[in-house]
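Asker: Just dropping this structure here.
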Amino acid sequence: IVRHSPIALVRPGEPPLIKGWLPYLGMALKFQKDPLNLMKTLQRKYGDIFTLLLGGKELKNPKQLSFRKFSKRISAKVFTVKKMMTDEDLGEDIHGAFHLLQGKALDSLLENMIQILNQIFESKLLKTTNWKTERMFPFISSLVFETTFTTIYGKILAGDREKIIGDLRDDFFKFDDKFPYLVSDIPIQFLGNVKSIRKKLIKCLTSEKLTTLQGSSEIVHRRQDILEKYYRVEDFEIGAHHLGLLWASVANTIPAMFWTMYYLLQYPEVMKVLRDEVEGLLQSTGQKIGPGLSLCFDREQLDSLVCLESTILEALRLSSFSSVFRFVEEDMSLDLEIDKYCLRKGDFVAIFPPVVHCDPEVFEAPEEFRFDRFLEDGKKKKNFFKRGKKLQYFMIPFGLGASKCPGRYFAIAEIKMLLIMFLTYFDLEVIDKKPIGLNYSRLFFGIQHPDSDISFRYKAKS
Ligand code: HEM
């Protein structure tokens, strides 16, 4: 719980209040410096729920800031999507279309994705028959960007498509780089040329530009229909909505894929287990590795790759800071799985994933990477306990409740497919085997980026 009032006193039933040693600034400075350690220390001392006094901007009108309003403010600030602030129906309609990232619609998205991956790997990577060294973060970023963009928005048909997608990707990364600042209250004029880059990106995603792409997904069509109900077809803000979805679909998947690959390369014995699992699936589905790429999987088959899934979840457990935010609109009592607490109107509740993801009572030796943490008797492990009680929320990288990420199945499936391609067709080796840590610049927002990069090499298997 975050409280901004410097004269706050604890009332009976409320969680302990930690003020820190600097009046007003409270714990803010310590928190910024090393959030994970600070939270762990406080958790050990005060338990799972505590109130932190943070300095900075005082929240003047918390009533304005329930979850929906909070996320709409972010959309307006970061992507320039303004109409949702005033038009409730538009927000409802947009939300109503998110189911097109799941269920049957997801099946066709994934069918499309595997074909796109086959093409990308065939044309770009499989020709690498001698070892080639790459920096991992930019390598993964490009691959995830192209795969996700093409699956959701469609294929660029122009002859110079490589240049167009390359420029789009580079601009997207420049924009994403400034994301933590765009969310803050720093005026955009102080953020270099990000304003003009954002404009350029939005221009690439206008109604007119989207019609030139081939094979865009059902969710893009549905969103476009919805947007044309609320805007004129030529309105710039339509492109801003699409930039929002593009960002949501790419920005967290990149570091999630990065961390999974990073751990695989650090632990060749895990890579061997996963190679065997993938090979087993290929055999059971009668697919042979030969010249010309044509791998093909459906969702059920992907779902059966439990070791791969456990490895991805373990990477997410260690890197996810995707906090869930809520403003307390009235004094209330919060009945959690283990304890009950009183919350005060005006408090800001942030459910911070590392508090549960790194809790030694839930995950033994939580600082260690263990690829089989989410496996039990060769199946997905679903039961985790704290103080003898079975937990419902032991993994929350995708948030929880009504605002839980609608793209979570898509994201996991994409990472699985990318890994299947790598494990099936390539030899992979890490070059600089060094431990790397998290860079906390996206604290509270999603999967953290690494604080440095590693080099690795790959070559197509002969
Ligand atoms: C590993 C990758 C991903 C992670 C960790 C992630 C995480 C999250 C989180 C934490 C939220 C906010 C939930 C909340 O506030 O309670 C969210 C929202 C969202 N995500 Fe994801 N996400 C990922 C990938 C994707 C993908 C691939 C897509 C689309 C294809 C996507 C689409 C969305 C959308 C549209 C929202 C906004 C939902 C809303 O406004 O209610 N995400 N995601």
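Rule-based calculations on the coordinates, nothing more; no lab input. Just so it is clear, the model here is predicted, and its values are computed rather than measured. Cβ atoms come from the backbone with ideal geometry, glycine included; neighbour counts cover every protein chain shown.
Asker: Which one, HIS242, GLN189, MET261, is farthest towards the positive end of the dipole of region 132-282 when Lys and Arg carry +1 and Asp and Glu -1 on their Cβ?
Answerer: GLN189
Asker: Quick one: Debye curve from the alpha-carbon atoms of region 143-243 only, equal weights, vacuum; give me log10 I(q)/I(0) at q = 0.12, 0.17 Å⁻¹ to two decimals.
Answerer: -0.43, -0.83
Asker: Among SER304, GLY446, VAL10, whose Cα lies farthest out toward the positive end of the dipole of the chain, if unit charges sit on the beta carbon of Lys, Arg (+1) and Asp, Glu (-1)?
Answerer: The residue sitting farthest along the positive end of the dipole is VAL10.
Asker: Step through the residues of region 354-365 one at a time and calculate ³J(HN,Hα) from phi using the Karplus curve (6.51 cos²θ - 1.76 cosθ + 1.60, θ = phi - 60°), rounding each to whole Hz and writing x for Gly and Pro.
Answerer: x, 4, 8, 5, 10, 7, x, 6, 9, 10, 4, 6
Asker: Please compute the contact order of the chain in relative form: average sequence separation of alpha-carbon pairs under 8 Å and at least six residues apart, divided by the residue count, as a percent. The partial results should precede the final answer.
Answerer: On the way: 630 pairs, mean separation 97.2, N = 462.
Result for the chain is 21 percent.
Asker: Step through the table entries LYS163/LYS203; LYS272/LYS386; LYS45/LYS345, compare each Cα-Cα distance with 27 Å, and write down the pairs that go over it.
Answerer: Values: LYS163/LYS203 16 Å; LYS272/LYS386 32 Å; LYS45/LYS345 25 Å.
Over 27 Å apart, Cα to Cα: LYS272/LYS386.
Asker: Moving to a separate point now. Once both axes come from the Cα atoms, what is the angle between helix 408-425 and the longest principal axis of the chain, in degrees from 0 to 90, rounded to 10?
Answerer: Taking Cα atoms only, the helix is inclined about 40 degrees.
Asker: With +1 on each Lys and Arg Cβ and -1 on each Asp and Glu Cβ, and nothing else charged, work out how big the dipole of the chain is about its Cα centre, in Debye to the nearest 20. Show your work: numbers first, answer last.
Answerer: Working: 67 positive and 59 negative charges, 225 e Å.
Using only the charged Cβ atoms, the result is roughly 1080 debye.
Asker: I would also like to ask the following. Please list 273-286, 392-405 highest first by mean number of surrounding beta-carbon atoms within 10 Å per residue. Each step should come with its number before you reach the end.
Answerer: On the way: 273-286: 14.6, 392-405: 16.1.
Peptide ranking by packing, descending: 392-405, 273-286.
Asker: Quick check: the angle from helix 253-266's long axis to the longest principal axis of the chain, C-alpha only, nearest 10 degrees?
Answerer: Between the helix axis and the principal axis of the chain, the angle is about 70 degrees.
Asker: Taking amide H positions as placed in the peptide plane 1.01 Å from N, state which residues far from PHE384 in sequence (5 or more) or on other chains have amide H under 5 Å from it.
Answerer: Those qualifying (amide H under 5 Å, at least 5 residues apart or on another chain) are LEU391.
Asker: I would also like to ask the following. Using packing as a proxy for protection, rank 376-383, 350-357, 146-153 so that the peptide with the highest average count of other Cβ atoms within 10 Å comes first.
Answerer: Working: 376-383: 10.0, 350-357: 20.4, 146-153: 23.1.
By packing density, highest mean first, the sequence is 146-153, 350-357, 376-383.
Asker: Quick check: the angle from helix 218-230's long axis to the longest principal axis of the chain, C-alpha only, nearest 10 degrees?
Answerer: 50 degrees
Asker: For the chain, what does -39500 (n - 2.57) per DSSP helix run (n ≥ 4), summed and divided by total residues, give at 222 nm, in deg cm²/dmol to the nearest 500?
Answerer: Working: 18 runs with 208 residues, N = 462.
Result for the chain, helices only: -14000 deg cm²/dmol.
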